[in-house]
Amino acid sequence: MDTIVLASGNKGKLAEFAALFKASGVQTIPISELVPIWQVEETGSTLHENALQKARAAMAVTGRPALADDSGLFVYYLGGEPGVYSQRYAGVGATDAENNALLQRKLETSRGRRQAHFTAVLALVCPTGAEVTASGRLYGNITLVPRGVGGFGYDPIFEVRGTTLTLAELSSQAKNKISHRAKAWQAMCTALDLRNNG
């Protein structure tokens, strides 16, 4: 397995995957380079179902091993919201800022109960029919105001447990060592016996 198709159009995720794969000896190709117009409607009720759905679709259309992820932010005070709907929390096509603003409004009555975690699920699907999944989790708290200019999504309002920094305040190198996606990647490397830089 020398080349893996990355089944994502999210520039932030693609940048993180490129960094994570750098030490593995495996080349990656964003699916947009092979299929200019590619989109999969996420109809699964779990991150695991959505990740597999996207990876299977990408493998089917390219004929190559395909890796997809689905990730979500789970806020305990809100019963796990936004969860599987994290990317479209404020509606289909919502911006990161709109999703963050909606979450902050819903937490106005939380009285400091802002604990949350990120979960990422990776799914690799191969033409042979083999399927491998792995997951990772990162705990923290939702901040009162956004901080930092790095990352994407909810990174500016997610303060990592045990630190005073949000994910958006971390360097990309530091984030790629501790993030939920990095932890899922490390588990995937273990399953596939790949080298990683963790």
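Which of the residues belonging to region 149-187 are in contact with a Ser or Thr (Cβ under 8 Å, 6 or more places away or on another chain), of a type in the set (A, V, I, L, M) and in a helix (DSSP H, G or I)?
Ile157, Leu167, Ala184, Ala187
Do we find a residue being closer than 17 Å to Gly72 by Cβ, surrounded by fewer than 20 Cβ atoms within 10 Å (Cβ to Cβ) and hydroxyl-bearing (Ser, Thr, Tyr) anywhere in region 136-157? First the steps, then the outcome.
So the first thing to find is which residues in region 136-157 are closer than 17 Å to Gly72 by Cβ, and the list is 136-142, 151-157.
Now drop any that are not surrounded by fewer than 20 Cβ atoms within 10 Å (Cβ to Cβ), which leaves 137, 139, 141, 152.
Next, only the ones that are hydroxyl-bearing (Ser, Thr, Tyr) stay: 139.
Yes, region 136-157 contains at least one residue that is closer than 17 Å to Gly72 by Cβ, surrounded by fewer than 20 Cβ atoms within 10 Å (Cβ to Cβ) and hydroxyl-bearing (Ser, Thr, Tyr).
Out of region 73-87, which residues are over 24 Å from Arg111 (Cβ atoms) and at pLDDT 95 or above?
Passing the criteria: Val84, Tyr85.
So Ala94 clears everything in (1) within 30 Å of Asp193 (Cβ to Cβ); (2) among the aliphatic types (A, V, I, L, M); (3) in contact with a Lys or Arg (Cβ under 8 Å, 6 or more places away or on another chain) except one condition, right? Which one?
For Ala94, the exception is condition (1).
Which is closer than 27 Å to Asp193 by Cα and not hydrophobic (A, V, I, L, M, F, W, C), of Ser86, Ser32, Ser24, Ser45?
The unique qualifying residue is Ser24.
Could you pull out the residue among Leu78, Leu73, Leu34 that is crowded, with 17+ Cβ neighbours inside 10 Å, more than 18 Å from Val121 (Cα to Cα) and aliphatic (A, V, I, L, M)?
Leu78
Could you check, for region 144-163, whether at least one of its residues is touching a Cys at 6+ places or on another chain (Cβ under 6 Å) and touching a residue at least 12 places away in the same chain (Cβ under 8 Å)?
If we filter region 144-163 for residues that are touching a Cys at 6+ places or on another chain (Cβ under 6 Å), which is where we start, we get none.
Scanning region 144-163 turns up no residue that is touching a Cys at 6+ places or on another chain (Cβ under 6 Å) and touching a residue at least 12 places away in the same chain (Cβ under 8 Å).
Identify all residues within region 85-135 that are surrounded by fewer than 13 Cβ atoms within 10 Å (Cβ to Cβ) and in contact with a Gly (Cβ under 7 Å, 6 or more places away or on another chain); write none if there are none.
Pro127
I'm checking my understanding of the structure. Among residues of region 18-34 that are in a helix (DSSP H, G or I) and at pLDDT 85 or above, which one is nearest to Arg181 (Cα to Cα)?
Here is the first cut: in region 18-34, the residues in a helix (DSSP H, G or I) are 18-21, 31-33.
From the residues that got through so far, the ones that are at pLDDT 85 or above too are 31-33.
On the way: Ile31: 19, Ser32: 21, Glu33: 23 Å.
Filtering first and then ranking leaves Ile31.
Write out, first by first residue and then by second, each pair whose Cβ atoms fall under 7 Å of each other, whose residues are 6+ apart or on separate chains, and whose first residue, in region 5-17, is within 8 Å of Pro30 (Cα to Cα) while the second is β-branched (Val, Ile, Thr) and not in a loop (DSSP other than H, G, I, E, B).
Val5/Ile29; Val5/Ile31; Val5/Thr62; Leu6/Thr28; Leu6/Ile29; Leu6/Ile31; Ala7/Ile31
For the list (1) under 20 Å from Trp185 (Cα atoms); (2) within 18 Å of the chain's Cα centre (by Cα); (3) crowded, with 20+ Cβ neighbours inside 10 Å, I need the number of the one condition that Glu49 fails.
Every listed condition holds for Glu49 apart from (3).
When you go through Gly80, Gly91 one by one, which is the residue that is without any contact (Cβ under 8 Å) to a residue 12 or more places away in the chain and in contact with a strand residue (DSSP E or B) (Cβ under 8 Å, 6 or more places away or on another chain)? Before you say what the answer is, go through the steps one by one.
On the way: Gly91 fails: in contact with a strand residue (DSSP E or B) (Cβ under 8 Å, 6 or more places away or on another chain).
Every option except Gly80 fails the conditions.
Gly63 passes all but one of (1) surrounded by fewer than 20 Cβ atoms within 10 Å (Cβ to Cβ); (2) within 16 Å of Leu144 (Cβ to Cβ); which number fails?
(2)
The values are calculated or read from the model by the stated rules, or taken from the named source; none is laboratory data. The shown structure was predicted, so the numbers you read here are calculated from the model rather than taken from an experiment. Cβ sites come from the backbone with ideal geometry, for glycine too, and all protein chains shown count toward neighbours.
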